[in-house]
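Working notes, beginning with the structure itself.
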Amino acid sequence: MEKPKRPAIDITAVRDLESRANDIRDNLNEMLTKLKSNMDQISQVTVDGLKIYQHSVDDICDSLDRNIHSMYNLMSKCDEIDRNMNPLYEMAAEIYICVNESISKN
């Protein structure tokens, strides 16, 4: 039996194909490098955004705590003023009674 004949290989076509494959490889490497760089930048922006968000939340919590504390202090002072005003209310009631009695007599 005779071996089947192989077709002749066109070396120029093989070299051209290899050259194009190398160009595609180089372009793909360049695209992947740029993609990695862009993804790194996007990741950094995301991390920075999360840090800003966390800082903002922490500041708001601290501010709310201070405001609640100040509100309780104000309420305490108002209660104290109200207690201190009781004698004045009693005096005003006595004056009102005296004035009404004076008007009634005249």
**Item:** Farthest positive-ward along region 11-106 dipole, Cα basis, beta-carbon charges - from VAL57, ILE24, ASN100
**Value:** ILE24
**Complete:** In nm, the gap between the two label points placed 7 Å beyond Cα toward Cβ at SER37 and ARG25 is 2.2
**Prompt:** Under a plain spin-label model, where a point goes 7 Å from the Cα along Cα-to-Cβ, how far apart in nm are TYR53 and VAL99?
**Reply:** 6.3
**Request:** Among the GluC sites (Glu not before Pro) in region 11-106, which ones are in a DSSP loop with at most 14 other Cβ atoms within 10 Å of the Cβ? Mind listing them?
**Result:** none
**Complete:** With Cα springs under 10 Å, the Gaussian network model of the chain assigns the largest mean-square fluctuation among LEU50, LEU64, LEU28 to LEU28
**Message:** How are the alpha carbon pair distances in the chain distributed across 5 Å bins from zero to the largest one, expressed in percent?
**Reply:** 2, 8, 5, 6, 5, 5, 6, 5, 5, 4, 4, 4, 4, 4, 4, 3, 3, 3, 3, 2, 2, 2, 2, 2, 1, 1, 1, 1, 0, 0, 0
**Request:** Could you give the size of the charge dipole of the chain about its Cα centre, using +1 on the Cβ of each K and R and -1 on the Cβ of each D and E, expressed in debye and rounded to the nearest 20?
**Result:** 960
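A short reminder: the numbers here are calculations on the coordinates, not readings from a lab. Everything numeric here is computed off the predicted structure, so don't read it as measured data. As a convention, Cβ positions derive from the backbone with ideal geometry for all residues, glycine included, and neighbour counts pool all protein chains shown.
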